[in-house]
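One structure is given below, encoded as structure tokens.
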Amino acid sequence: MENGETLQLGFPAPTGSEGAQVPVEFQVFPYGIVEIEGADPFVVDNGAMDAVVEHFNARGLDMVIDYEHQTEEGSEAPAAGWIKRLENRAEEGLWAEVEWNERAREFLVRKEYRYFSPVFLLSGEERKLEELLRVALTNAPRLNWIRPIVAKIPSAAEHCGEAASNGNPVPAAEADARPAKGNDFYVCKDVLDALGLPAGTEKSEVVASVLALRQKPDLSVQVAALRQKLAFRERDDLVLAALKSGKITPAQRAWAEKYALADAEGFKLFIAKAPQVVPLGAIAAVFEEDRCLAPDADQAHINRLLGVSEAGWKKYNPQS
């Protein structure tokens, strides 16, 4: 769609509407990273759109468009219209072919409703579009920068060209961040700089760069895994110490491991207070191979992340 164009309109206007029309189709989701108010963005790629279209076709039902998400409230929810078909238009996004009811058509002609709000499911970790459930007419959408159903749409270039305070255009020095006319994809210079991309970068490369950033491993997950590994190692050391000091029998090992993992400090107090129930010589040799001789590469990495000093490690992991 060229800069400044309106949506393609299809239905004939009702009498008295001064030539206004409503569309027979609209874009439900743009392609790429989609912003949502009050939540993390999500991804709409070709695979996601194909899955949504496939699920829609498999059901063999028209999808309802209601008013203000009344279906979610469980109250009376008259249909504003029906989605007859969904289409993956690649970099143009996911589009719906719609048949409006007369009342909704009149609302749209009078511009009493301009926007819509989809109800959808996302995959957990990837936050990728997984399924479209239904759509609602609303004037308070949560998706940012969606195309209104009816009305002229400010382009992304116009959005980037507005100053936050007074609406002045972007200085000429930044104009090179905008592709030539004919390419409907515009990226602010600050975004390109943040991604380390040159001016005039193609849309596919920008989207690929953003998706690649989202693929980076979550450090918090790695730290949690390392903490868990350290907790298991501490459990094993405590249980081995209890066995070698004769405070528990080999038959109690499973119980002791569960106790030590759940409450290491409590297990240490138990060891300190419990009487010796097994002669030392009878079990020491059996568990000699479990002794921790020195931190390996993984343990050294764990120690660095958790701030455990070498002296502290040696104190609780003697090599003798």
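The values are calculated or read from the model by the stated rules, or taken from the named source; none is laboratory data. Everything numeric in this text was worked out from a predicted model, so none of it was measured. Because the Cβ atoms are built from the backbone with ideal geometry, glycine has one as well, and the counts that use them run over all protein chains shown.
If you check Glu92, Glu126, Glu131 for being of a type in the set (D, E, K, R), surrounded by fewer than 19 Cβ atoms within 10 Å (Cβ to Cβ), closer than 29 Å to Lys203 by Cβ and at pLDDT below 90, only one passes: Glu126.
Quick one: in segment 97-107, of everything that is outside any strand (DSSP E or B) and not basic (Lys, Arg), which residue is surrounded by the most Cβ atoms within 10 Å (Cβ to Cβ)? If you could, list the steps in order and put the result at the bottom.
Just the residues of segment 97-107 that are outside any strand (DSSP E or B), to begin with: 101-107.
Those left that are additionally not basic (Lys, Arg): 101-102, 104, 106-107.
Working: Asn101: 14, Glu102: 9, Ala104: 23, Glu106: 16, Phe107: 20.
Out of the qualifying residues, it is Ala104.
Of the residues in segment 7-28, at least one is at pLDDT 50 or above, touching a helix residue (DSSP H, G or I) at 6+ places or on another chain (Cβ under 8 Å), more than 18 Å from Arg110 (Cβ to Cβ) and not charged (D, E, K, R). For segment 61-77, a residue qualifies if it is farther than 16 Å from Ile149 by Cβ and at pLDDT 95 or above, and the qualifying residues are Leu61, Asp62. Pairs meeting the criteria (first residue in segment 222-249 and at positive phi, second residue assigned to a helix (DSSP H, G or I) and surrounded by 16 or more Cβ atoms within 10 Å (Cβ to Cβ), beta carbons under 8 Å, at least 6 apart or on different chains) are Gly246/Ile283.
Scanning segment 229-250 for residues that are farther than 14 Å from Lys273 by Cα and assigned to a loop (DSSP other than H, G, I, E, B) yields one hit, Thr249. Scan segment 259-289 for residues that are at pLDDT 55 or above, loosely packed, with under 12 Cβ neighbours inside 10 Å and small (Gly, Ala, Ser) and jot them down. Within segment 259-289, Ala262, Gly266, Ala272, Gly281, Ala282 qualify.
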